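To keep things clear, I will list the structure first and then write my remarks on it.
The values are calculated or read from the model by the stated rules, or taken from the named source; none is laboratory data. Worth saying up front: this structure is predicted, and the values here are computed from it rather than measured. Note that each Cβ is placed from the backbone with ideal geometry, even for glycine, and that neighbours are counted across all protein chains shown.
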């Protein structure tokens, strides 16, 4: 878990406004037994908003490592689209992931190598609280809003929100490019 950069505070406030609007105006894909990420054994209530997919809807549950046929699903959220555009040529997945109070994802690990390439994951905490954390290989981390973090999801990891407020992160994956 490494912080990579801080997002300009005024731009970050606009990203927060866009995410707030997204949550209010759009329907998430719900993490339940039919959702592809149910294998991580979520507890409480977790949601995702798919922002890069082939259907153009935030309810898209397709999670894959392919780019073909995908586009940014909500370009009207200009600050989110501007952020996405920085990585557009390399991004594989791009979503808003939310955990309601007293929710989490159980310990799991994911594949990061495929087709002789390495997959990278990044988190940007948009809304968080002091009781929201992630665990990587038995070490707990608390992420600060407005920072982009490299997240080694090949480690055994989990996430939890034991706070009283909702926690939302931007998450995106891309292939390591040289």
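I need a count of the residues in the stretch 55-109 that are farther than 21 Å from residue 148 by Cα, assigned to a strand (DSSP E or B) and in contact (Cβ under 8 Å) with a residue 24 or more places away in the chain.
4
With respect to residue 153, determine if the residue is in contact (Cβ under 8 Å) with a residue 40 or more places away in the chain, surrounded by 18 or more Cβ atoms within 10 Å (Cβ to Cβ) and in a loop (DSSP other than H, G, I, E, B).
Judged against the criteria, residue 153 is a match.
So is residue 130 surrounded by fewer than 19 Cβ atoms within 10 Å (Cβ to Cβ), farther than 19 Å from residue 108 by Cα, in contact with a helix residue (DSSP H, G or I) (Cβ under 8 Å, 6 or more places away or on another chain) and at pLDDT 95 or above or not?
no
Can you tell me which residues in the stretch 39-54 are part of a loop (DSSP other than H, G, I, E, B) and either closer than 29 Å to residue 5 by Cα or touching a helix residue (DSSP H, G or I) at 6+ places or on another chain (Cβ under 6 Å) (or both)?
Of everything in the stretch 39-54, just one residue is part of a loop (DSSP other than H, G, I, E, B) and either closer than 29 Å to residue 5 by Cα or touching a helix residue (DSSP H, G or I) at 6+ places or on another chain (Cβ under 6 Å) (or both), namely 51.
Take the conditions in a strand (DSSP E or B) and free of Cβ contacts under 8 Å to residues at least 24 places away in the same chain and apply them to residue 119. Does it pass?
No: the conditions fail for residue 119.
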